[in-house]
Amino acid sequence: MGAVMQDTSRGLHLSNRGIRTELRFGLLVADFGLFVAAVVGAAAVSDVHSAGILQLAIVTCIFFVCGAYVQFRYESARTFDFHDVLRLLAGAVSGTALAYMFVWLVPSPLYHSSGRLVAVAAMIAFVLRMLVRIALVVLRTWIMSRRPNAQRVAIVGVGIHASSLVRAIAEDRDLPMRVLGCIDDGTTVKRVDGVRILGTVDDLPQLVSTLRIDSVIVAVPAASLQFINRVKELCTTGRDATQVPTVKVLPDASELLNEKVTVSRIRDIRLEDVLDREPVVIDTASLRPHIENQVVLVTGAGGSIGAELCRQIVTFGPDRLLLVGHGENSLFAIDRELRTTYGFTRIKLLLADVGDSSAIRSIFSRYNPRLVFHAAAHKHVPIVEGNICEAVRNNVLGTRTVALAAAAHGAAKFVLLSSDKAVKPTSVMGLTKRMAELLCQSFAGGSATEFVTVRFGNVLGSRGSVVPVFKQQVASGGPITITHRDMIRYFMTIPEAVALVLQAMSMGRDGEVFVLDMGDPIRIVDLAENIIRLCGLRPYDDIDIVETSVRPGEKLFEEILTNSEDFTRTSHQRLFIAKQDRLDYAKLADGIAQLQHAVRASDWRYALAVMQRFVPDYVADPRLHAFSTNGHATTNGHTSSSLISA
């Protein structure tokens, strides 16, 4: 998809360049005719006789060459302003000077009349050329106003980026956009590159209504998240969902560096913009001593969270980064990215399953990592509901295997990545993550290794999460399917989640469970509507939203603390520590042995019964009995695929 977009952008650029070349050539041909007319007209006024025909032709050529030199510096005839007048005047003055030199240096019986000819011809040519360019701008404006099905666009901003954007839209004749004007607070200018100022940002609700604006583009690359959300909110004020204009923004200044602003550089509002809060900020100085020049191991390194962990870790200069995973393609992808994009080469790819105790012990024995991030897990709720024994083997027993290896080989810290689904779990995925939390807490104080758990909510854009699924459904023409209109979730970006993990690692003490202040939860139906708008479409009009039903293991809302937990604040305003009672590993050991037996026997009912003894607030989905361990639902003796991953 990226290659296609790049090719499309390149094609648009070449097309526009071709249009500009044709326009220059057309203007040159027109200018030649204008110069001929000007010199002939001047000759008539100056009463020049046929004996000066050769001289007239030479004077015409001099004017044309000087004017053409300046003309080749034009981008196009899309506008005509004071600077264009100066360029035309420069061509006229230089042409006049050279023509005077010619008539003075070349003897002629028409010497005196030639002097008048040059002056009059220069004035006539200047006026004619200026009138032609004004006519072209008027014609172009008229054509622009008659673009079929053109979006009615308002641009927020009056600076150089807004001016460049107005020109870029005007330059592309095939682009279905019509700029109505610009919007800005407290500006003193009346026009931006030929378009008028419509009003202030606070006038947006009225402007959207009266001018029937289809799209608002924020041409302020340094605009804060609050400002973008303010524009978005004002665009929705007093309007129903089908009449809300799309809101797009120009890229950040760093993205524009050394690049010309073009329409293809306009981006939709990022998905994280819907969070309505500033990103998490971490104290990088406190992280560096833990990572710099250390051997760091990341399990699940090919996954969305694991890969982002690797990206942020390499910025602190570890001695070596160990990437553990069982998917060779995903490991290859992150390895290549770290080497090419980040220039970090001290990487070791290790194909291994966290449930393979001998392989994990061998890795720890050989490389002795000081810092361990355990991100490997089966996370898709519906899939895990149908593959319970595999989830126990990976999420619970795999966590135990890596944690024991870390303790046995003297790792300084072991960081478990957990989920808010572990709180009062209604899914097997949440239940297994809660068991993993209990395991890590039970290891506290048993070795020199500190065990820290980080619990966070859904991440925007991870593989298999709801956002990519919604985007794919929009791309295919819809509808978007949601399980329930009242379902709400906490969301964060992948970089936010990883920043939280790293900060908790530096602050955490043995056995602590960290949770993130994730702001207000978001209704899934609102998220679906926002994604449709960000794609330039209208909810329920262009793309429908269809409610299905709550899937096995899902609940309408997530929580971040159990009934028995309280929390304490930390020095970081977005991080909290959950207070909870810990289990001794001796109490868990018998249960772990029983889970191992259940997994070997593929007895998922027994595995659930064992885990429910340690997590009594787990409430199994009533439909769970319909799922077998091969991942298919059984109904009246028949099977049907249940591999839903949204």
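The values are calculated or read from the model by the stated rules, or taken from the named source; none is laboratory data. What you see is a predicted model; the values in this text were computed from it and never measured. So basically every Cβ, Gly included, is an ideal-geometry build from the backbone, and we count neighbours across all protein chains shown.
Brief remarks on what is shown
- Taking the numbered list (1) touching a residue at least 24 places away in the same chain (Cβ under 8 Å); (2) in a loop (DSSP other than H, G, I, E, B) in turn, Thr188 passes all entries but (1).
- Condition broken by Gly478, with the remaining ones in (1) surrounded by fewer than 24 Cβ atoms within 10 Å (Cβ to Cβ); (2) assigned to a helix (DSSP H, G or I); (3) under 28 Å from the mean Cα position of the chain (by Cα) satisfied: (2)
- Which listed residue, of Val156, Val132, is more than 16 Å from Cys182 (Cα to Cα) and modelled with pLDDT of 75 or more: Val132
- Residues in the stretch 192-211 that are touching a Cys at 6+ places or on another chain (Cβ under 9 Å) and either exposed (fewer than 14 other Cβ atoms within 10 Å of the Cβ) or not assigned by TED's automatic domain parsing to the domain that holds Lys232 (or both): Arg196 only.
- Long-range neighbours under 6 Å by Cβ, at least six apart or interchain, first residue within 23 Å of Ile577 (Cα to Cα) within the stretch 394-418, second of a type in the set (Phe, Trp, Tyr) and surrounded by fewer than 24 Cβ atoms within 10 Å (Cβ to Cβ): Ala403/Phe443
- Subset of the stretch 410-430 [of a type in the set (Gly, Ala, Ser) and at positive phi]: Gly410
- Residue check, Leu416 closer than 23 Å to Gln503 by Cα, surrounded by 24 or more Cβ atoms within 10 Å (Cβ to Cβ) and touching a strand residue (DSSP E or B) at 6+ places or on another chain (Cβ under 6 Å): yes
- Boolean, Arg320 is surrounded by fewer than 23 Cβ atoms within 10 Å (Cβ to Cβ), without any contact (Cβ under 8 Å) to a residue 40 or more places away in the chain and not aromatic (Phe, Trp, Tyr): no
- So Arg230, is it at pLDDT 80 or above and surrounded by 14 or more Cβ atoms within 10 Å (Cβ to Cβ): yes
- Lone unmet requirement of (1) part of a loop (DSSP other than H, G, I, E, B); (2) modelled with pLDDT of 95 or more; (3) hydrophobic (A, V, I, L, M, F, W, C) for Ala405: (1)
- For the residues Ala377, Ala391, the requirement of being under 34 Å from the mean Cα position of the chain (by Cα), in contact (Cβ under 8 Å) with a residue 24 or more places away in the chain and not in a helix (DSSP H, G or I) singles out Ala377.
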